[in-house]
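The values are calculated or read from the model by the stated rules, or taken from the named source; none is laboratory data. No experiment lies behind these values; they were computed from the predicted model shown. When the accessible area is computed, the model is the full protein with side chains, heavy atoms only, and any ligands, DNA or RNA have been set aside. Shrake-Rupley method; radii C 1.70, N 1.55, O 1.52, S 1.80 Å.
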Amino acid sequence: DDMGLGQRIKCSLCTKALKKIQMLAGDNPDEAAVAAALKKGCRLLGRFLGKQCQKLVSRYQDQISQELQNGDTPRHICAAMGICKV
């Protein structure tokens, strides 16, 4: 079904973006480290994915920032935002 495929693509994009951002933010990041990583992370994904990533980040920035600082996994964060199935 189309819905499932779209959902999987979004989920995969979300986890890919957050893995990149998490890597850039480093272990035990503070708010500033996460904010810098959010800016840089989307750019590293290329033009198309970067645009999608940017949308995601601007919509969920506080939540992403909070959960990365809590040490949550990208998959968990994407599920918490309702993008991936748990």
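Table for the structure above
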item: Of ALA36, ALA25, ALA17, the one that fluctuates the most in a GNM where the chain has Cα springs shorter than 10 Å; result: ALA36
item: Net length gained if the chain between LEU5 and LYS40 were fully extended (0.36 nm per residue, minus Cα distance); result: 9.8 nm
item: Theoretical gain in end-to-end length, GLN52 to ARG75 [0.36 nm per residue, Cα-Cα removed]; result: 6.6 nm
item: In degrees, nearest ten, helix 2-25 long axis to first principal axis of the chain (Cα); result: 10 degrees
item: Apportionment of accessible area to carbon and sulfur, the chain, percent (1.4 Å); result: 52 percent
item: Segment 10-81: mean projected area of Cα convex hull, nm²; result: 3.8 nm²
item: C-alpha long axis of helix 31-43 to longest principal axis of the chain, angle in °; result: 40 degrees
